[in-house]
Amino acid sequence: MAFLSTAWLSGYVATTLVRRAFSRFYRHLTTTELEHRPLSDIHYQPSRITRMSTNAVKTKPPNILVYAGSGEEGGRDFEFIKDVLSRILDRNSYVVYQIDDDKVLHHPWSKNSVLLLIHNTQTIQKPILRKFEEYLVNGGSILSVGCKDHENLSGLLGGVTLKPLDLKCSDDCTVEIITDRLDIPLNQVDIPSEPFFFEGMSDTFEVLANKKGSGRPMIVYSCNQQSKAILSIVDLFTSNHVENKRQLLQALLKKLDVKCVSQQIPCLTPAFLFASKKNIDQLLKSLRPHLSDGICKGKQVSLLFCDKSTTQNIPLTREDMLPVNTDHAAQCGFDWEIYQEHLNTNTLGQMVIYTDVIPSTQTLLEGNLTFVQNIPEQIGIVAVTRQQVKGKGRSGNAWLSPIGCLMFSTVVTVEFGTELGSRLPYLQHIASLALVEALRSVEGYQKINVCLKWPNDIYYGRNVKIGGVVVSSTAYGNSFSAVIGMGVNVSNKEPTICINDVIKQYNEENNTHLAELSLEMLLARTVTCMENLIVDFQKHGKEGFLRKYYKWWLHSDSKVTLNTAGHPQEVTIIGLDDFGFLLVQKESGEKLSVQPDGNTFDLLANLIAFK
C-alpha cells in the first residue's frame, strides 16, 4: 500500500462535510444587510434612490478557491491546478485563487466564492473542516477530487461509506461514466484511481461514474437546495491521461453550474494615439530626446511611435513592446468623435491611447516612467482598451476584463503640500465618485442604482460589484505621479450584471426610455467629473467632496466588526477621516481610523485600527 501512504484527505474531508451538511437541517447563517442612512450632517433622502430588485442577479463574486494544502508542495499543486482550470473555465467569468489554512480560518471567503475545490495530500484539521461545512450548508458548492486512504477514514455521506476495492494495484481502473447525467462525449475513460468506492448512497445522491465491470461508484453528486457537492475518488489533477481528465473535469464543473468555454487568449494589438495635431506634436517633441529609433524605452513596456509613413512596417505587438500609431486618421475600435462630444476638461483626457487588446492599461502607464514623466503638463493622457488579458486589481488581485467593460488608466500629477497632496488616499475616492457622478448626473439617470462601497468599489445596489478603482503613485521632484486605473462593466452580462442591463431593468420598472451608454460617452464624462472633483478638492479641501461622496456611498451608520488583538467588537461607521481611511465609533464614543486586515475578499470585514 505504498501508493496510499501519503495522507488521507480530500475524500475523507468532503464526505464528512457533505454527510453533515445534507443529513440534517441547518439554519442558514446570514448577515444583516448594511443599512443605508445618511450621515447626520448630510440632508439627503434615501428614498430618492430607486431600489431595483437584485434577486435575479448573481451576487457572489466570481471566485473559485482551491484548497491544496500548505507549504511549497501546496503551492506547486495549486499552480498546476490553476493551469488546468485556465484551459477549461470561461476566462472572463472566473478568477482562481489559492486558499490556505490561515485564510480559511480568518478571511471572509465563504460569501465571496462560487466554488471550493479541494485537492489535498495533507491532514486537514477539524477547525478547517468546520469552516468548509459552514460554507456548504450556506449554499456553497464543493468539488473534491483524489481521495486518499487512511486507517481512520470513515467519513459518511448521508449514509455513504468509503470502501476499499479488492485490487492489487491502484492503477488498474477504468471509469465508466453515466452519460445521461454528465455532459461528456465519452462513456468510459481509463484513468488511474485510488482503489476505493462509495457505498450506501441515499436517494439524495446521484452516481456519476462507476468502476467498469463492478458497478462500484467512483464519482458521486449531491444537491440540497442551493448546496452542491461532487466527490471524485478519481484524481483529475495529475500529468497523465490529460485529455480524458480534462473532458471529465469539464463535465463535473458544468454539473456544478460552472461555465466552461474553450477559449484562446486574444493576440495583443497595436495602439492608436488620439488628440489634436497640436497636442500630438507637443508630445512627440517632448519625447524626442528620449527616443531611440522611435522607441520610448520602459521598464515593463516600451512604446514604438509610428506615423503614417512607417505603419506598413509595424512589428508585432508584444507584452513588452507596444507600437503606437500617431496617424489621427487611422481606423480602430474607438469613437473619438463621441468621446470629444462628451469631454469637457482643460487637461485630463485630452489625449487617448487606445488599443483593442493589451495586458493591462495600468501596466502600460506604470511600466514606462520615461513616457509618463515627459508628457507635457497641459496634456492629460488616458490609456483605454477593449480587452485586457492581465487586468490588475487592488493588492495584485486579478481583474476580469471581458469585452463590454470600460477599462482605462490615467495619470494625475499632485504636488506635495496641496490639499490632495497631503491626503493622497482620497484620490481613489475621487475616481470612484467620478464614475458614479458621470452616470447619475445625466438627466433621467439620477435614480440608476449605482453606488460606492469603501474604499474603491462601484456597486449595483448593495450586493453586486460592477467596477473598481486601483491607484499607484510614484514620488519624484516635488510631486506625486499617480496612475489611476478603473474597470466598470458597462455592457457585458457576465460575470454578474452590467450598467446597461440595470438601465434596461429601470426602464421596464418605470416605463422610461433611457438610452444605453457607450464606452466613449461614459469615459469622457468620468474623466470630466474626475478633473472637476480634483480641482474642487484642491481649492476647497475635503468637506465639499465628502458631501458628494456620502450621497452615494452604502455605509452611513452601518455596523462593522473591528478586530482588536483577536477580540472582535461591533463599531459604527461615521465617515472618512482626514486621510481617506474609514472612521468608526465604539459604543464608548471613542473614534478610530481603521483599515482592512489584508484579506482579498471583503475589505469591510475584520477591520483593524491604526496603531
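The set of residues in region 254-277 that are more than 30 Å from THR347 (Cβ to Cβ) and surrounded by 22 or more Cβ atoms within 10 Å (Cβ to Cβ) contains only VAL258.
Selection of region 234-244 for residues being closer than 21 Å to ARG76 by Cβ and either polar (S, T, N, Q) or not in a loop (DSSP other than H, G, I, E, B) (or both) yields THR238, SER239, ASN240, VAL242. Candidates GLN340, GLN250: the one that is in the same structural domain as CYS529 (by the TED database) and surrounded by 15 or more Cβ atoms within 10 Å (Cβ to Cβ) is GLN340.
Search region 552-577 for residues being in contact with a helix residue (DSSP H, G or I) (Cβ under 9 Å, 6 or more places away or on another chain) and modelled with pLDDT of 90 or more, and hand back the single one that is nearest to VAL442 (Cα to Cα). If we take residues in region 552-577 being in contact with a helix residue (DSSP H, G or I) (Cβ under 9 Å, 6 or more places away or on another chain) and modelled with pLDDT of 90 or more, then TRP552 is nearest to VAL442 (Cα to Cα).
For VAL442, the criteria (1) buried (at least 18 other Cβ atoms within 10 Å of the Cβ); (2) touching a Lys or Arg at 6+ places or on another chain (Cβ under 8 Å); (3) closer than 18 Å to SER518 by Cα hold in every case but one, which is (1).
Screening CYS223 with (1) crowded, with 16+ Cβ neighbours inside 10 Å; (2) touching a Leu at 6+ places or on another chain (Cβ under 8 Å) gives one miss only, at (2).
For region 112-129, the candidate set comprises residues that are in contact with a helix residue (DSSP H, G or I) (Cβ under 9 Å, 6 or more places away or on another chain) and within 21 Å of GLN226 (Cα to Cα); within that set, the residue that is modelled with the lowest pLDDT is LEU129. The residues of region 263-299 that are closer than 30 Å to GLU243 by Cα and touching a residue at least 12 places away in the same chain (Cβ under 8 Å), listed by number, are GLN263, ILE265, PRO266, CYS267, LEU268. Among residues of region 432-449 that are assigned by the TED database to the domain that holds GLY461 and in contact (Cβ under 8 Å) with a residue 60 or more places away in the chain, those with a Cβ under 9 angstrom from a residue that is in a loop (DSSP other than H, G, I, E, B) and buried (at least 21 other Cβ atoms within 10 Å of the Cβ), sequence gap 6+ or separate chain, pair up as LEU439/ILE448; LEU439/LEU517; ARG440/ILE448; VAL442/ILE448; VAL442/LEU517; TYR445/LEU517; ASN449/GLY461. Within region 238-259, being modelled with pLDDT under 90 and hydrophobic (A, V, I, L, M, F, W, C) holds for one residue alone: VAL242. When the residues of region 320-335 are filtered to those that are buried (at least 16 other Cβ atoms within 10 Å of the Cβ) and in contact (Cβ under 8 Å) with a residue 60 or more places away in the chain, the one that is nearest to LEU519 (Cα to Cα) is PHE334.
Considering only region 513-544, state which residues are among the basic types (Lys, Arg) and either in contact with a His (Cβ under 6 Å, 6 or more places away or on another chain) or within 22 Å of GLY333 (Cβ to Cβ) (or both).
Listed by number, the list holds a single entry, ARG525.
A residue that is among the β-branched types (Val, Ile, Thr) and under 28 Å from the mean Cα position of the chain (by Cα) occurs somewhere in region 533-551.
Residues in region 546-555 that are surrounded by 21 or more Cβ atoms within 10 Å (Cβ to Cβ) and in a loop (DSSP other than H, G, I, E, B): HIS555 only. The sole residue among VAL527, VAL535 that is among the aliphatic types (A, V, I, L, M) and farther than 21 Å from ALA383 by Cα is VAL535. Of SER472, SER481, all but one fail to be hydroxyl-bearing (Ser, Thr, Tyr) and surrounded by 19 or more Cβ atoms within 10 Å (Cβ to Cβ); the exception is SER481. Candidates THR326, THR347: the one that is farther than 26 Å from VAL471 by Cβ and either over 29 Å from the mean Cα position of the chain (by Cα) or not assigned by the TED database to the domain that holds PRO402 (or both) is THR326. Could you check GLY589 against (1) outside any helix (DSSP H, G or I); (2) of a type outside the set (A, V, I, L, M, F, W, C); (3) at pLDDT 95 or above and say which number it fails? That leaves (3) as the condition not met.
Condition check: of a type in the set (Lys, Arg) and either in a strand (DSSP E or B) or buried (at least 19 other Cβ atoms within 10 Å of the Cβ) (or both). Does LYS539 satisfy that? If you could, list the steps in order and put the result at the bottom.
On the way: of a type in the set (Lys, Arg): yes; either in a strand (DSSP E or B) or buried (at least 19 other Cβ atoms within 10 Å of the Cβ) (or both): no.
No, not satisfied.
The residue that is surrounded by the fewest Cβ atoms within 10 Å (Cβ to Cβ), counting only those in region 278-305 that are part of a strand (DSSP E or B) and among the hydroxyl-bearing types (Ser, Thr, Tyr), is SER292.
Selection over region 185-233 of residues that are within 22 Å of ILE118 (Cα to Cα) and either in a loop (DSSP other than H, G, I, E, B) or not assigned by the TED database to the domain that holds SER144 (or both) gives a count of 10. Just one of (1) out of contact with any Phe, Trp or Tyr (no Cβ under 8 Å at 6 or more places or on another chain); (2) assigned to a helix (DSSP H, G or I); (3) not β-branched (Val, Ile, Thr) fails for GLU570. It is (2).
Any residue in region 578-585 that is of a type in the set (Val, Ile, Thr), outside the structural domain of ILE448 (by the TED database), modelled with pLDDT under 90 and out of contact with any helix residue (DSSP H, G or I) (no Cβ under 6 Å at 6 or more places or on another chain)? The answer is no; no qualifying residue exists.
The values are calculated or read from the model by the stated rules, or taken from the named source; none is laboratory data. Since we're looking at a predicted model, the values are computed, not measured. Reconstructed Cβ throughout: ideal geometry from the backbone, glycine too, with neighbour counts over all protein chains shown.
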